[in-house]
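Rule-based calculations on the coordinates, nothing more; no lab input. Values in this document were obtained by computation on a predicted structure and should not be read as measured data. Here the Cβ positions follow ideal geometry from the backbone for every residue, glycine too, while neighbour counts run over all protein chains shown.
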Amino acid sequence: MKNIIYTIGFMLAFTACDNEFLDRTPLDQISSSNVYQDEALAQAYIDNTMGRLPFGIHGSTGYGQYPCMIASITDEARAKSGWVQNNSIIIKGAITPTQSGGLDLWNSAYVTIRQANEIIEGMEASSLTEAFKAAAIAQARYIRAFTYFDLARRYGDVPLITQAQTLEDDLFVSQTARQDIYAYVVSELKEIATVLPELSQAGSANVSKQAAIALASRTALYAENWTEAATLADRLITGTDNDGLDLFDDYRGLFLSTGGNIETIFEKQTLPPLAGQSFGLYNFPVRWRSDWGGQTDPTQELVDDYEMKNGLPITDPASGYDPSNPYANRDPRFDASIFYHGSEFSEIQPSKGEPFIDMEWNNGNEGPGDPGKFHGAASITGYLVKKFANPADGFSPQNGKSISSWQELRFAEVLLIYAEAANEAEGPTNKVYNAINRIRDRAGISDLPTGLSKDQMRERIRHERKIELVFENHRYWDLLRWGIAKDVLDGFVPHGIRIERTADAPSKEVQPQLFDPQYLDYTVFEVQGRTQTFPDSHNKLPIPQSEINKNPNLKQNSGY
C-alpha cells in the first residue's frame, strides 16, 4: 500500500490521554505506516471517519451544518427564513447540477468511502492482532456500506468503488445500478454482522451486529426486497439477535438521551466542545434564546395528522375532537414533538413571562402575525419543533453546544420496517399488527382496528411512520421511495394557526399571558411564500456538474 500522510485533527480528541502518542512528531500529521501499526492511532482514524456519517439533529439537509431540518422540504414543516436554501432553491423546484440546495453530498461521501477503503487495505497489510484487524475492517465496511446506501437513495445509480484508487487505476468509474448498490450494501452488512460485537458489548455509539442488521433491513426495504427486509428486521424483534432491544417507555425522553438508551441501535453522541450539535441555537423558541432559533416550523397539516388518544383521526365524528380546544386529548406524541400555544417549557426560565409557549397572533413572542407586526424570529406557522429541545442545553444554546445524541437507528424503526415489508410480502398478519401496536401502545393510543386489508394496512403503516419518526429525516426519502413525492409535495400549500383572543376575553392588563381555549379563537391560515414545486426530476438528485465534467463515463439523471 502506498504510504499516505494523515492529518489527525479531530483524532486528538480520542487519543490525547496516550502519552506515547503525544510524544510523536510532528503532531499534526502521521504517516499511514505508523497509523496501521498502532491500535490507538488506527482506532482514532476509524473514529474520525465514522464522524463523517450524517448528524441530522442540528438541521442538516446534507452532511454539514444547516439551520433548518430536512423536514422543511416535506409536508412536515417549513423553514422560517426565506433566504435558506430549503426555501430559495428546493421547494421552488430549482435544484440543478450546480446547486442542490444543501442536499448534495457526493464529494463528501466519496471522501468517506476512500477513507474507509484505505482503512480496510491498511488493516489487511497491518501486523496488528487479528482480532483488532477484523474489528477495524468491519467498522470501515459499515461506514462504506452506510455511505453507499445514502448515495443510492439520493442519486440512484452511482460508481461503486471498493478500493483506494491510485493514479495507476482507471479513475473514470461508471455507475452501478441503484438496485445493485442496495444489494451490495445488504450483502456487506450481513457479512460483517457475523464478526461485529453484540450491541450490549459495543454500545450504541459504536458499530455492532445489531447496527449492521438494522441498516441492512432498512436498505432491503428501500430496495423493495420485502422478504429480506422483514426477515432481517425480525432477527432484531423476536430472534436471537434482539440482545435486549426494546421500546423506551418515555417517547419525549428518548430524544433527550445522551447515549445508551435501550431503544437505540446506532447513534452519534455529542461531547461539547469537541463534538456538539446546534438544534437549540436554530430551533429554540424566542423567549428561551438570545438570537437565531425558531427556524423549523411544523405545518398545520402535520398537526392535523395526529390522531386522538382513542386512535381515531380528528376528521372522525366519533373521535371527540373539539376545534375550539384543538390540542386536547391528542396522541401524546404530539405534545412530545411539537410546541403549540400553551405548551409548557418550564425546565428553563424564559427571558420574560410565564414558561409557556405563546403563539398568539401579533403578540411579539413565539407566534406568527402580520408582516411588520410580529417578532422576526417567531414561527411562521404557529408551531415549533419540541422533539429535540433539551432543557439541559439551558437558556440560549450556542452553536455546537446542544448535547442530545442523534439516533440514526432505533428499535421503533425496526418495528416499522418489519410491518411495512411483511405487509407487502404477506399482507396484514398478526405479526404486522403486533409490530405497529407495540409502537402505539408505547405512545398511549388505541391499537389499530382489526380487519384491515393489505392496502388499508399500508396506509396505516405509512401514517405511523410519519408520526413516530417525525423530524428524524425519514419523511422526504419515504415519499420518494413510495413514488408519491410528486403527489404529496407538488403544489403543497402549507398552513398555520392564527390564535386570537375572543371579544369577551379578559384584558391583557388583567391576564397578560392567556392560554385558556375558552377565550381564544383558532383560525387556519395559508403560509405565504412557502408553496412547494416538485418536478419529476426531483425524484433523484442531479450528479454534480463538476463530477460530470471530470468523468466522461457518468450519465446525468433525467431532467437535469
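What to note about this one:
- Summed residue charge, Cβ within 13 Å of Val195's Cβ, Lys/Arg positive, Asp/Glu negative: 0
- The mean of 1/r over all pairs of different alpha-carbon atoms in segment 242-294, once inverted, gives a Kirkwood hydrodynamic radius of 13.2 Å.
- Normalised per residue, the volume of the convex hull around the Cα set of segment 397-455 (Å³): 122 Å³
- Separation in nanometres of the label points that stand 7 Å from Cα toward Cβ, at Ala505 and Ala40: 6.2 nm
- Computed Rg/Rh of segment 307-430, alpha carbon atoms with Kirkwood Rh: 1.06
- Crossing angle, helix 454-468 versus the chain [Cα axis fit, 0-90 degrees, rounded to tens]: 90 degrees
- Dipole check for the chain: with +1 at the C-beta of Lys and Arg, -1 at the C-beta of Asp and Glu, and the Cα centre as origin, the magnitude is about 800 Debye.
- Mean Cβ neighbour count within 10 Å, used as a protection proxy, ranking 419-431, 161-173 highest first: 419-431, 161-173
- Residues of type aspartates and glutamates that Lys550 reaches as a straight line, Cα spacing below 20 Å, ignoring anything fewer than 8 places off in the same chain: Asp104, Asp157, Glu168, Asp169, Asp170
- Translational D in µm²/s for the chain (Stokes-Einstein at 20 °C, 1.002 mPa s, Kirkwood Rh from C-alpha pairs): 86 µm²/s
- The phi-based Karplus calculation (6.51 cos²θ - 1.76 cosθ + 1.60; θ = phi - 60°) puts the 3J(HN,Hα) values of segment 232-238 at 5, 4, 5, 4, 8, 8, 10 Hz, whole numbers, x for Gly and Pro.
- Sequence of Phe132, Phe255, Phe55 once ranked by neighbouring C-beta atoms within 10 Å, starting from the fewest: Phe132, Phe55, Phe255
- The H on the amide N of Arg498, modeled in the peptide plane, is under 5 Å from the matching H of Thr523, Val524, Phe525, each at least 5 residues off or on a different chain.
- Positive-end extreme of charge dipole, the chain - chosen from Phe248, Tyr327, Thr74 (charges on Cβ): Thr74
- FRET efficiency, Glu191 to Glu426 (Cβ-Cβ, R0 22 Å, nearest 0.05): 0.25
- In Hz, Karplus ³J(HN,Hα) per residue of segment 343-349 (6.51, -1.76, 1.60; θ = phi - 60°; x = Gly, Pro): 4, 8, 9, 7, 5, 10, 6
- Summing Cβ point charges (Lys, Arg +1; Asp, Glu -1) relative to the Cα centre of segment 357-484 gives a dipole of roughly 200 debye.
- Helix 106-124 axis, angle to the chain major axis (alpha carbon atoms, nearest 10°): 40 degrees
- In order along segment 140-151, the Karplus-derived 3J(HN,Hα) couplings, from 6.51 cos²θ - 1.76 cosθ + 1.60 at θ = phi - 60°, round to 5, 5, 5, 4, 5, 5, 4, 5, 5, 4, 5, 4 Hz, and Gly and Pro are given as x.
- Those lysines that a straight Cα-Cα span of less than 29 Å connects to Lys555, excepting residues fewer than 8 apart in one chain: Lys92, Lys486, Lys540
- Helix 411-426 axis versus longest C-alpha principal axis of the chain: approximately 90°, rounded to the nearest ten.
- Potential lengthening between Ala328 and Gln165 on full extension [0.36 nm per residue; Cα-Cα distance subtracted]: 52.8 nm
- Whole-angstrom gap from segment 127-203 to segment 244-265, using each part's C-alpha centre: 27 Å
- The chain, helix-only ellipticity at 222 nm - DSSP H runs n ≥ 4, -39,500 (n - 2.57), divided by all residues, nearest 500: -10500 deg cm²/dmol
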